[in-house]
Amino acid sequence: MLIRLRRWPLLVGGVVYSSWVLAFVLPTGLSQRAAFTSELEATGQPYAWLFRASDVVAGLLLALGAVATLGWAARAPTRCAPLLVLAFGAVAVTGVTNALTGVLALDCTTSNGRCTRLRAAGVPSSWHHHAHLLVSNVSGYAFGVTVVALVLVVLVFLRSDAPADGASFLPSGLRRALVLGAGLAALTAIPVSSALWPVSWRGFPQRINEAVESLLFVLLGLWAGRAAPVDRAAPVSSQRSRS
C-alpha cells in the first residue's frame, strides 16, 4: 500500500515535466518549432515564472518519488536490482537538476536572436545563464543513464530464468514500452537531433524527447506501484515464511 502512495510523485512529476505544452495556448512569442523549451524560462519572457515554477515542482516531485522508490528497486530480482537502483537514482538526479534549471534562468533567448544582439552590444552572460546550461547538460546525462539502465534491466531479465512472479514484475507490455521509449529518447537526444535536424527545427525533436521522458517517468511510477518483486537469491523457505 505504501509503495502505491509513493508512486504519485513520479506520476504527477512526469506530467508536470511537460509543462512546455502550455506554450501552445499561451502567447510566449517563441516558435515551438525552433526554440528550446528552456527559452520559455528566459529573463524577460512572458510567463517565464510559470515555466520556471513548473520545472521546480516537477523536478522536486521526480526526485522525491525516485528516492522513495529506491527501497522497492533494491528488492527487485537479484540480477536486476543494481540496475534498477541505478535507474531510479539517475531519475533523482534528473529531478534535482531539473528543479535547479527552474531557479537558474537564462539571460536571453537564442532562437529569435536576442542573445546574439546582447553579446554584440557587449553584454556578457551572467553566472546563472552559464549555470543553467551546465545543469541542463547534467540533467540530460542523468536521464541518459536512466535509459541505459532500464534497457539493461529488460535485457538481463529476459536473459535470466524468469522468476515465478515475472509477469507481475515486468509484464511484456511494459518491457516493450520501456525499450520503445528508450529508443525514441536516444533518437531525439540533443547530440543526435543536432546532427539530424536543421537549426530552424531544433525545438521539435527536443519536445518529442521531453514528451518521451514524461511518459517514461509515468511508466516508472506505474511500474513501482503495481509490481511485487521477489528477491530470487532469498532462500525458498524464507520466501514461504513471508507469504
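The values are calculated or read from the model by the stated rules, or taken from the named source; none is laboratory data. Remember, predicted model here, so these are calculated numbers, not experimental data. With ideal geometry, Cβ positions are generated from the backbone for all residues, glycine too; neighbour counts draw on all protein chains shown.
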Those helices (runs of 4 or more DSSP H) lying entirely in region 145-243 with at least 1 residues under 30 Å from A35 (Cβ atoms), of a type in the set (G, A, S) and modelled with pLDDT of 85 or more: 172-187, 203-226
Single residue of L70, L86, L61, L5 found to be under 19 Å from W223 (Cβ atoms), surrounded by fewer than 22 Cβ atoms within 10 Å (Cβ to Cβ) and modelled with pLDDT of 95 or more: L86
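Could you please find all residues in region 104-117 being surrounded by 15 or more Cβ atoms within 10 Å (Cβ to Cβ) and either in a helix (DSSP H, G or I) or of a type in the set (A, V, I, L, M, F, W, C) (or both)?
Once the filter is applied, which keeps residues that are surrounded by 15 or more Cβ atoms within 10 Å (Cβ to Cβ) and either in a helix (DSSP H, G or I) or of a type in the set (A, V, I, L, M, F, W, C) (or both), region 104-117 yields L104, A105, L106, C108, R114, C115.
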Residue match in region 206-215 (condition: touching a Phe, Trp or Tyr at 6+ places or on another chain (Cβ under 6 Å) and of a type in the set (S, T, Y)): yes
Close pairs from region 127-148: first aromatic (F, W, Y), partner assigned to a helix (DSSP H, G or I) and at pLDDT 95 or above, Cβ under 6 Å, at least 6 apart: F143/T94
Failed condition for Y141, given (1) at pLDDT below 90; (2) part of a helix (DSSP H, G or I); (3) under 28 Å from S19 (Cβ atoms); (4) of a type in the set (S, T, Y): (1)
Single unsatisfied condition, F51 versus (1) without any contact (Cβ under 8 Å) to a residue 60 or more places away in the chain; (2) farther than 20 Å from R202 by Cβ: (2)
Residue identified as aliphatic (A, V, I, L, M) and either touching a residue at least 60 places away in the same chain (Cβ under 8 Å) or not in a helix (DSSP H, G or I) (or both) among A76, A92: A76
Failed item, numbered, when T43 is tested on (1) at positive phi; (2) modelled with pLDDT of 90 or more: (1)
